[in-house]
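Q: Below is one structure. I have some questions about it.
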C-alpha cells in the first residue's frame, strides 16, 4: 500500500550511461570497491507510479546516504518524500536512519514522521468468509452504491525506534534488542450507505493512540538491503493505549539463500495476534521494528485488495525466486535487474463475535505472480509486481488482481 515507485527514475537509470561498455558477466560478489562507498550519495527523484489499490500516483523523493566502510548498509540515511494518488491516498513523510552510534557503534536510531490518508479505503467486513457483492462494484461511477465498500481513514503519526546490538567484548553479535514509541491520531469517515456505517465495528470513533513496541532481532543478512544469504528473525510485542487499549505478540522469520550464481530464494513468514479493544482499522497493520501496512496489497498478499481480510489474528507467507538477468553501469554505480516469480498466502483468525461471515472450508487466501527488480548500487531497489488471487463474491468464486510499482524489496 505504499507506492513509492519512480518509473521515470528507473528509465533514467537504465539509459544514463549508454556510452559504458557492454554488460559484464554476473560475478559472485558485487564489484564495488570499498572507497566508492565512502562518497556521499544523494538523489532527487520524481515519482510516477501505479498501484491497483490507489491507482496513478505522483510525487517526489529526496534521499541522502552517507556510506562508511564496515557499516552495513550505510552510516546514515535521510529521506523526504511527498506522494499522492488519483484514488485519494496520501503519504508525506520524513525518515532518518542512523547506524553505528555509541562507543562501540552498536546502536541504531530510526525516526519516521508522516501524514497518511486513505480517502477511498476499502472495508469488506471482518473474518475470512466475507463476500463482495458484485452489483455494488459494477455500479456506475456516479452511483452512490459505489461507496458501499469505501470509507476514509486519516492517520498522522510519528515513530522513533532504538536498536542495540548485543556484543561480547569487541565482537558484534547478530542479536539486537529494540524498542519504539509511536504516537498517532486516527480519523474515520464512513459514507452514507457504506458497509462500514452499517456494521459499526469497534474503531469508528478513531482518536489518539500511543503504541509501545519491544522486541529482539537475529540478523545475519548479507548485504542488508538486497540479501543473497542470511536470516532475519524477530519476536516482539506491542501495546496500545488511548482511545482503545489492546496489544499482542508478533513473530517474523525471513530467510535468503543463494542456490546458484545470480539465483536467490527468499522466504518470509510472519504472524500477529492482538487482544483487547482492537479497532477494525488496526487489524490490517502489523507491529515489529518496521511497521508493515496491509492484509492484502503490495506488502503482504500481492493480488489481494488492501484490507480485503481483517481479523485480530493474521499471518502471511511470501516466497520469491530472485533471478539476476542483467548488470550494467548507470550514474557511476552498478544497476542490476532481476526477474522475481512469487507465491503469497494469507489468513486471519480470532474474530469471534465480530466476524461478519462464517469462515470458508479452507480459510487461506493464495496469490501468485511475478515481478521485476532494478537494484542500483546495492542500496536502492525499484520493483514492479503483478499478482492474481481467487476471491469470494455473492455470485461465486472470482479472480482479483493487483499491480504495484514502488521502491524497496517486499522483504
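The values are calculated or read from the model by the stated rules, or taken from the named source; none is laboratory data. It should be emphasised that the depicted structure is a prediction, and the values quoted were computed from it without experimental measurement. Please note: Cβ atoms are built from the backbone with ideal geometry, for glycine as well, and neighbour counts cover all protein chains shown.
Q: Which of the residues belonging to the range 65-81 are at pLDDT 95 or above and surrounded by fewer than 16 Cβ atoms within 10 Å (Cβ to Cβ)?
A: 80
Q: Next question. Checking residue 265 against (1) under 30 Å from residue 339 (Cβ atoms); (2) crowded, with 19+ Cβ neighbours inside 10 Å; (3) at pLDDT 95 or above, only one condition comes out false. Which one?
A: The single condition residue 265 does not satisfy is (2).
Q: Go through the range 346-362 residue by residue and tally those that are surrounded by fewer than 17 Cβ atoms within 10 Å (Cβ to Cβ) and not in a loop (DSSP other than H, G, I, E, B).
A: 2
Q: Which pairs turn up if I take residues in the range 371-391 that are on the phi < 0 side of the Ramachandran plot and surrounded by fewer than 22 Cβ atoms within 10 Å (Cβ to Cβ) and look for partners that are modelled with pLDDT under 95 and assigned to a loop (DSSP other than H, G, I, E, B) with beta carbon separation below 7 Å, at least 6 apart in sequence or on another chain?
A: Pairs found: 379/73; 379/74; 379/225; 381/225; 381/226; 381/408; 381/409.
Q: When you go through 327, 322 one by one, which is the residue that is buried (at least 22 other Cβ atoms within 10 Å of the Cβ), assigned to a strand (DSSP E or B) and over 16 Å from the mean Cα position of the chain (by Cα)?
A: Values: 327 fails: buried (at least 22 other Cβ atoms within 10 Å of the Cβ).
Answer to the check: 322.
Q: Look at the range 306-316 and say how many of its residues are more than 14 Å from the chain's Cα centre (by Cα), crowded, with 24+ Cβ neighbours inside 10 Å and in a loop (DSSP other than H, G, I, E, B).
A: Residues that pass the stated criteria total 3.
Q: Can you name every residue in the range 260-291 that is outside any strand (DSSP E or B) and on the phi > 0 side of the Ramachandran plot? Don't jump to the end; show me each part of the working.
A: Quick first cut of the range 260-291, residues outside any strand (DSSP E or B) only: 261-262, 274, 277-284, 286-291.
Those that are outside any strand (DSSP E or B) and on the phi > 0 side of the Ramachandran plot: 262, 288.
Q: Another question, then. Going through the range 151-176 one residue at a time, which ones are more than 22 Å from the chain's Cα centre (by Cα), under 18 Å from residue 237 (Cβ atoms) and free of Cβ contacts under 8 Å to residues at least 60 places away in the same chain?
A: Matches in the range 151-176: 175 only.
Q: A follow-up question, please. Could you tell me whether any residue of the range 166-178 is buried (at least 17 other Cβ atoms within 10 Å of the Cβ) and within 27 Å of residue 96 (Cα to Cα)? Step through it out loud before you land on a result.
A: Of the residues in the range 166-178, the ones buried (at least 17 other Cβ atoms within 10 Å of the Cβ) are 176, 178.
This time we only want the ones that are within 27 Å of residue 96 (Cα to Cα), so: 176, 178.
Yes - at least one qualifying residue is present in the range 166-178.
Q: A further question on this structure: Can you go through 339, 335, 326 and tell me which one is touching a helix residue (DSSP H, G or I) at 6+ places or on another chain (Cβ under 6 Å) and touching a residue at least 12 places away in the same chain (Cβ under 8 Å)? Please lay out each step first, then the result.
A: Values: 339 fails: touching a helix residue (DSSP H, G or I) at 6+ places or on another chain (Cβ under 6 Å); 326 fails: touching a helix residue (DSSP H, G or I) at 6+ places or on another chain (Cβ under 6 Å).
Answer to the selection: 335.
Q: Under the condition of being within 14 Å of the chain's Cα centre (by Cα) and free of Cβ contacts under 8 Å to residues at least 60 places away in the same chain, which residue from the range 270-289 is nearest to residue 200 (Cα to Cα)?
A: Narrowing the range 270-289 to residues within 14 Å of the chain's Cα centre (by Cα): 270, 284-289.
Adding the requirement that they be free of Cβ contacts under 8 Å to residues at least 60 places away in the same chain leaves 270, 284-286.
Numbers: 270: 29, 284: 17, 285: 19, 286: 22 Å.
Here the answer is 284.
Q: Here are 208, 212, 202, 217: which of them is crowded, with 18+ Cβ neighbours inside 10 Å and either out of contact with any strand residue (DSSP E or B) (no Cβ under 7 Å at 6 or more places or on another chain) or in contact (Cβ under 8 Å) with a residue 24 or more places away in the chain (or both)? Quick ask: steps written out before the conclusion?
A: Working: 208 fails: crowded, with 18+ Cβ neighbours inside 10 Å; 212 fails: crowded, with 18+ Cβ neighbours inside 10 Å; 202 fails: crowded, with 18+ Cβ neighbours inside 10 Å.
Criteria check complete, one pass: 217.
Q: Further, regarding this structure: State which residue pairs qualify: first residue part of a strand (DSSP E or B) and inside the range 241-259, second residue surrounded by fewer than 15 Cβ atoms within 10 Å (Cβ to Cβ) and modelled with pLDDT under 95 in any location, beta carbons under 6 Å apart, and separation of 6 or more residues or different chains.
A: Filtered contacts from the range 241-259: no entries.
Q: In the range 45-74, which residues are in a loop (DSSP other than H, G, I, E, B) and under 21 Å from residue 331 (Cα atoms)?
A: Hits for the range 45-74 are 67, 68, 69, 73, 74.
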